[in-house]
Amino acid sequence: VEEFSNRVANVFLAAGYSKGDVVGLIMGSCPEYVCIWLGLAKLGVITALINSNLRNQPLIHSLSVAKTKGVIVSGEMSSGVREIVNFLDFPLDQYQLGGEQPEAIGMKNLNLLLASASTSSPDVDGPGYKDNALYIYTSGTTGMPKAAVIPHSRYLLMTIAVKHLLAICPDDIIYNPLPLYHSAGGVVGTGPPLVFGNSVVIRSKFSASAYWKDCIKYNCTVGQYVGEMCRYIMAVPHQPEDTSHRIRIMVGNGMRPTIWKEFIERFKIQQVTELYGSTEGNVNIVNLDNKIGAVGCIPQCVPKSFLPIGLIRVNLNTNEPIRDKRGLCIRTDPGEPGMFVGLIASSNAIRDFHGYVNKKESSRKIIHNVFKKGDRAFVSGDLLVVDEYGYIYFKDRTGDTFRWKGENVATAEVESIIINLIGLKDAAVYGVQVNIQLLTQFQSLHFDKTLPPYARPIFIRVLQKMNMTGTFKIKKTELQEDGFDPFKVKDKLYFRSGKEYVPLTSQLYEDILKGLLRV
């Protein structure tokens with residue numbers, strides 16, 4: 001790693017790159033991926049970890065917003081860059097690692113450059129503690145990816161927190177099947193090896209059927225997950241490998257409460273450490289004591305005035321904070337959903353908010369006069385709820401929650417129920433605009449027994465496959481944009497009519513729009 005990263009540093013030093021320049025990295029998960037950004041960091045060059053699945057406009061946006069001077073791509077992913085390079089309004093150095101004859105397609109051959117580069121440490125003043133190391137993009141579930149700023153201080157903070165909160169031992173081996181362009185795989189999964197000398201097993205692409213086989217083969221003791229991975233692992237038929245592994249702790253985020261108990265019992269996992277946080281935010285918490293469904297805990301014995309984080313009341317239609325007569329935010333009571341916020345203190349690495357490269361986007365995540373006049377807080381955009389003991393549970397993302405029949409519907413809860421009732425692989429619940437007043441006599445299928453009337457689906461769209469982000473979250477924005485228009489949607493659409501779901505024909509669609517149809 002040291003020699004390879006030094007070669008990378010010396011190649012780009014010779015090419016004129018210096019502290020503050022930005023290089024985009026578009027590759028699959030592999031050891032070289034980490035070595036490349038580490039080598040660039042030795043020069044003070046910032047690496048933008050770009051989602052390797054992006055094409056066309058999202059890729060143009062990601063390269064542009066980071067103000068990249070160059071880009072490094074693997075051979076199998078170079079076509080995506082070649083397709084858009086002429087649409088960029090700035091020059092871009094293109095380097096290709098692997099693949100055949102990159103010179104023939106106008107790219108510099110990084111393999112040849114590395115082969116002749118020195119393995120000695122570059123002779124430059126290295127980056128400082130607060131200098132930027134990486135740009136890690138948001139997953140893009142609600143629009144174009146935003147580039148979050150990761151200074152060296154934050155990388156170290158996240159790594160140290162992982163080691164000590166998870167009690168990572170020197171001989172622990174981490175199994176990392178996550179994308180290295182997101183913080184879960186790229187920081188949580190690589191920090192302990194780089195900083196503390198642990199070993200990590202990097203899989204190029206997640207495979208549910210190979211998860212335990214890999215862990216056994218490489219003697220892994222810590223397993224990572226994210227999003228819906230655990231549900232996919234559960235869907236694999238029972239096999240001897242289920243319990244013959246050495247995994248003692250699973251760490252990640254997105255474990256659904258409905259499968260949590262069954263997961264740990266089937267696979268004999270001693271500890272599931274569910275994390276909550278965001279790449280850019282300062283409200284990161286962790287469930288350390290196996291409380292099923294919880295993402296963390298706020299000790300109720302600690303006066304709330306001492307806590308730098310909290311849940312505040314918001315208007316669920318506008319997501320704006322509800323304030324008291326003094327103009328300050330109001331903390332929620334136990335059992336009451338609220339927006340998770342974290343006070344900002346620039347002098348404290350734990351409480352600092354580095355935001356995005358786009359400062360305008362950063363300012364939208366900050367509210368003022370939160371718990372006292374003059375303070376500031378990062379707004380997570382997520383609704384959580386705390387119980388009487390202080391355990392915190394994820395409720396929904398504000399963009400996903402919608403209002404129907406005078407009630408607020410948390411899509412995550414409805415998704416979980418539907419998946420378990422019908423045995424689906426995936427389900428996405430989202431609100432669409434309907435300009436009529438429907439009646440409330442709902443009685444159909446299993447939904448009536450488990451969902452309140454306002455949370456029962458009116459429309460059902462059946463897809464062969466869900467479009468997912470790199471962190472296994474369903475992309476709902478494009479589904480919402482399609483709505484329930486049968487002229488636009490080519491998948492099967494169903495409409496709840498009386499006690500059953502019937503195919504949504506063009507005539508039914510027109511009748512709904514005209515307000516002629518009653519349910």
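The values are calculated or read from the model by the stated rules, or taken from the named source; none is laboratory data. Remember, it's a predicted structure, so these values are computed and weren't measured experimentally. No Cβ is skipped: glycine too gets one built from the backbone with ideal geometry, and neighbour counts run over all protein chains shown. Heavy atoms of the whole protein, side chains included, go into the accessibility calculation; ligands, DNA and RNA do not. Shrake-Rupley method; radii C 1.70, N 1.55, O 1.52, S 1.80 Å.
One table, with the values for the structure above:
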item: Failed item in (1) surrounded by fewer than 21 Cβ atoms within 10 Å (Cβ to Cβ); (2) among the hydrophobic types (A, V, I, L, M, F, W, C); (3) closer than 15 Å to P31 by Cβ, with M144 passing the rest; result: (3)
item: Check on V295, open to solvent by 20 Å² or more (accessible area, probe 1.4 Å), within 30 Å of T47 (Cβ to Cβ) and in contact (Cβ under 8 Å) with a residue 40 or more places away in the chain; result: no
item: Of residues in region 307-322 being without any contact (Cβ under 8 Å) to a residue 24 or more places away in the chain and more than 21 Å from A294 (Cβ to Cβ), the one most open to solvent (accessible area, probe 1.4 Å); result: E320
item: So V409, is it modelled with pLDDT under 90, open to solvent by less than 20 Å² (accessible area, probe 1.4 Å) and more than 20 Å from the chain's Cα centre (by Cα); result: yes
item: Residue in region 412-428 that is farthest from P457 (Cα to Cα), counting only those that are open to solvent by 20 Å² or more (accessible area, probe 1.4 Å), assigned to a loop (DSSP other than H, G, I, E, B) and at pLDDT 70 or above; result: D426
item: Qualifying residue in region 189-203 (condition: assigned to a loop (DSSP other than H, G, I, E, B) and hydrophobic (A, V, I, L, M, F, W, C)); result: no
item: Complete set of residues in region 79-135 that are of a type in the set (D, E, K, R), closer than 17 Å to A41 by Cα and within 29 Å of the chain's Cα centre (by Cα); result: K130, D131
item: Residue among V201, V149, V222 that is modelled with pLDDT of 95 or more, in contact with a Pro (Cβ under 9 Å, 6 or more places away or on another chain) and more than 16 Å from I269 (Cα to Cα); result: V201
item: Search result, residues across region 383-406 that are open to solvent by 10 Å² or more (accessible area, probe 1.4 Å) and modelled with pLDDT of 75 or more; result: V385, V386, D387, E388, Y389, Y391, Y393, F394, K395
item: Residue satisfying condition, being more than 14 Å from I136 (Cβ to Cβ) and in contact (Cβ under 8 Å) with a residue 24 or more places away in the chain, within set A48, A15, A66, A41; result: A15
item: Residues located in region 149-176, provided they are more than 16 Å from L275 (Cα to Cα), in contact (Cβ under 8 Å) with a residue 60 or more places away in the chain and in contact with a strand residue (DSSP E or B) (Cβ under 7 Å, 6 or more places away or on another chain); result: V149, I150, P151, H152, Y175
item: Region 329-375: number of residues that are in a strand (DSSP E or B) and farther than 27 Å from Y391 by Cβ; result: 3
item: Hits in region 341-376 (condition: within 15 Å of N282 (Cβ to Cβ), open to solvent by 50 Å² or more (accessible area, probe 1.4 Å) and of a type in the set (D, E, K, R)); result: R376
item: Helices (runs of 4 or more DSSP H) fully within region 1-117 counting 2 or more residues that are more than 30 Å from V200 (Cα to Cα) and hydrophobic (A, V, I, L, M, F, W, C); result: 56-65
item: Every residue from region 215-236 that is buried (at least 18 other Cβ atoms within 10 Å of the Cβ) and of a type in the set (D, E, K, R); result: E228, R231
item: Verdict on E3 being at pLDDT 95 or above, open to solvent by 40 Å² or more (accessible area, probe 1.4 Å) and assigned by the TED database to the domain that holds D123; result: yes
item: Residue list for region 86-123, restricted to those being in contact with a Lys or Arg (Cβ under 9 Å, 6 or more places away or on another chain), modelled with pLDDT under 95 and surrounded by 14 or more Cβ atoms within 10 Å (Cβ to Cβ); result: P102, I105, M107
